[in-house]
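Report on one structure; see the data block that follows.
The values are calculated or read from the model by the stated rules, or taken from the named source; none is laboratory data. Since we're looking at a predicted model, the values are computed, not measured. Because the Cβ atoms are built from the backbone with ideal geometry, glycine has one as well, and the counts that use them run over all protein chains shown. The accessibility values were calculated without ligands, DNA or RNA, using every heavy atom of the protein model including side chains. Shrake-Rupley method; radii C 1.70, N 1.55, O 1.52, S 1.80 Å.
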Amino acid sequence: MIWVAAASLVSWLVLLFGRGWFWTGRDDDSTVPPGPAHWPDVTVIIPARDEAPSIAATVRSVLAQDYPGRIRLFVVDDRSSDGTGDIARAAGDERLTVVEGQGRAEGWTGKLWALQQGLNAARPTTPYILFTDADITHAPDSLRCLVARAQAGGLVLTSLMAKLRCESNAERWFIPAFIYFFQMLYPFRWANNPRARTAAAAGGCVLLKREAFERAGGLESIRGAMIDDCTLAGVMKRQGPTWLGLTERVHSLRACETVEPIRKMVARTAYAQLRYNPFLLVGMLAALTLVFLAPPALTIVGHGWTQILAVTAWLGMAYSYAPTLRRYGQPAWRGLGLPVVAAYYMVFTLDSAIAEYRGRGGMWKGEAAPRRS
């Protein structure tokens, strides 16, 4: 057992000091470069299906931007049954166009096809395009800060990780972990380094330089992608520098009162992250067992050096989780419970694999993704 405890501790030392300091959460948009002399126009596209509870707030927040340039907003009402399109119209003004979405085209995932329909309707000629979700609200200076950063850095993609809702008991336990695990998979410092292979974006808020986006092949080039935001980031990073950061300016309204919506959110893409490879799935589960489950288990059953090494690894885990917990207003002691949360995420990943083999993988708004050939 001592060798398992030692391997777990070494793994945490590598994660803490050798993975882009992912856990520090220091890459954010608190410092924004000065704006350009001329503010470019922006086309905003929102895909929406059955988003009645949030779409009005989202539309109002986009149209209330204190942005000096012109904004055109297109909401794609993707066959909603709850009046989403009418609610959006009532919340908008002359800058808003509601596009009536049609059935998904062959080979496209649901969200990407909705976005493509927005692009088809908008035929944007503006220098920038903003993709944002129908459950996202933006602070009044959100777009201005995004464009200022993009212009100053010559960025072809600028993305903000929305601050997720963290109010229910399920959210307090599982939402900070979602952000933490995302940063572990895609360290922001690596994603923002033009020389690094890592590419990442957060689909709730993605600003694209139109010319680079079209040069990369647009959404057509990623039409079947399950992890559409990070796949798009990979395509765009070949065109120029990209940037992803945490923010307090963009908030998600999506409520998860129980664990089930969080399970669905993770299960939608978890197996795709493993390239639908059962061997990678087994390897990932084994690695997570070593990293997250072994330290508390060996702390309880181990003795001597085994217990010392396991306790050290467990405390290192909790220490790395503390900045994310603090960002979400949660006490640091919850970090000691991260192994339990990680075990749930392992089950969610298994659910993702099972759903894929049952032909129900990649569910988006009740519609499965196209089957892989």
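Check every one of the helices (runs of 4 or more DSSP H) wholly within region 132-200 and list those with 3 or more residues that are more than 19 Å from C230 (Cβ to Cβ) and more than 19 Å from the chain's Cα centre (by Cα).
Details: elements: 142-153, 169-185, 188-191.
By residue number, 142-153.
When only residues in region 258-267 that are of a type outside the set (K, R) and open to solvent by 60 Å² or more (accessible area, probe 1.4 Å) count, which is nearest to F181 (Cα to Cα)?
Selected residue: M265.
Quick check on W173: is it at pLDDT 95 or above, open to solvent by 20 Å² or more (accessible area, probe 1.4 Å), hydrophobic (A, V, I, L, M, F, W, C) and more than 20 Å from L16 (Cβ to Cβ)?
Considered against the rule, which asks whether it is at pLDDT 95 or above, open to solvent by 20 Å² or more (accessible area, probe 1.4 Å), hydrophobic (A, V, I, L, M, F, W, C) and more than 20 Å from L16 (Cβ to Cβ), W173 comes out as yes.
Quick one: would you say A270 is among the hydrophobic types (A, V, I, L, M, F, W, C), modelled with pLDDT under 95 and open to solvent by less than 20 Å² (accessible area, probe 1.4 Å)?
Criteria met by A270.
To keep it simple, each residue is scored yes or no on (1) modelled with pLDDT of 95 or more; (2) more than 28 Å from A121 (Cβ to Cβ).
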position: W12; (1), (2): yes, yes
position: L16; (1), (2): yes, yes
position: F22; (1), (2): yes, yes
position: D27; (1), (2): no, yes
position: D50; (1), (2): yes, no
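Can you name every residue in region 7-54 that is closer than 23 Å to R144 by Cβ and hydrophobic (A, V, I, L, M, F, W, C)?
V32, A37, W39, V42, V44, I45, I46 - these are the residues of region 7-54 that are closer than 23 Å to R144 by Cβ and hydrophobic (A, V, I, L, M, F, W, C).
Considering only residues of region 101-115 that are of a type in the set (G, A, S) and either in contact with a helix residue (DSSP H, G or I) (Cβ under 7 Å, 6 or more places away or on another chain) or under 21 Å from G83 (Cβ atoms) (or both), which is surrounded by the most Cβ atoms within 10 Å (Cβ to Cβ)?
Of the residues in region 101-115, the ones of a type in the set (G, A, S) are 101, 103, 105, 107, 110, 114.
In the following step, the residues that additionally are either in contact with a helix residue (DSSP H, G or I) (Cβ under 7 Å, 6 or more places away or on another chain) or under 21 Å from G83 (Cβ atoms) (or both) were identified as 101, 103, 105, 110, 114.
Values: G101: 23, G103: 9, A105: 12, G110: 23, A114: 27.
Here the answer is A114.
Anything in region 335-365 that is aromatic (F, W, Y) and at pLDDT 95 or above? List them, or say none.
Matches in region 335-365: Y344, Y345, F348.
Are there any pairs with C-beta distances below 8 angstrom linking a residue in region 212-226 that is over 18 Å from T158 (Cβ atoms) to a residue that is of a type in the set (G, A, S) and assigned to a helix (DSSP H, G or I), with the two at least 6 apart or on different chains, and if so which?
Cβ pairs passing all conditions: M226/A272.
Which residues, counting only those in region 214-255, are part of a loop (DSSP other than H, G, I, E, B) and either over 28 Å from G20 (Cβ atoms) or open to solvent by 50 Å² or more (accessible area, probe 1.4 Å) (or both)?
G217, R223, G224, R238, Q239, L253, R254, A255
Would you mind finding the one in R60, R79 that is open to solvent by 20 Å² or more (accessible area, probe 1.4 Å), in a helix (DSSP H, G or I), in contact with a strand residue (DSSP E or B) (Cβ under 9 Å, 6 or more places away or on another chain) and in contact (Cβ under 8 Å) with a residue 24 or more places away in the chain?
Working: R79 fails: in a helix (DSSP H, G or I).
Only one candidate passes the filter, namely R60.
Okay, residues lined up against (1) out of contact with any Gly (no Cβ under 9 Å at 6 or more places or on another chain); (2) at pLDDT 95 or above:
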site: P187; (1), (2): no, yes
site: A199; (1), (2): no, yes
site: E211; (1), (2): yes, yes
site: E214; (1), (2): yes, yes
site: A233; (1), (2): yes, yes
site: L253; (1), (2): yes, yes
site: L274; (1), (2): no, no
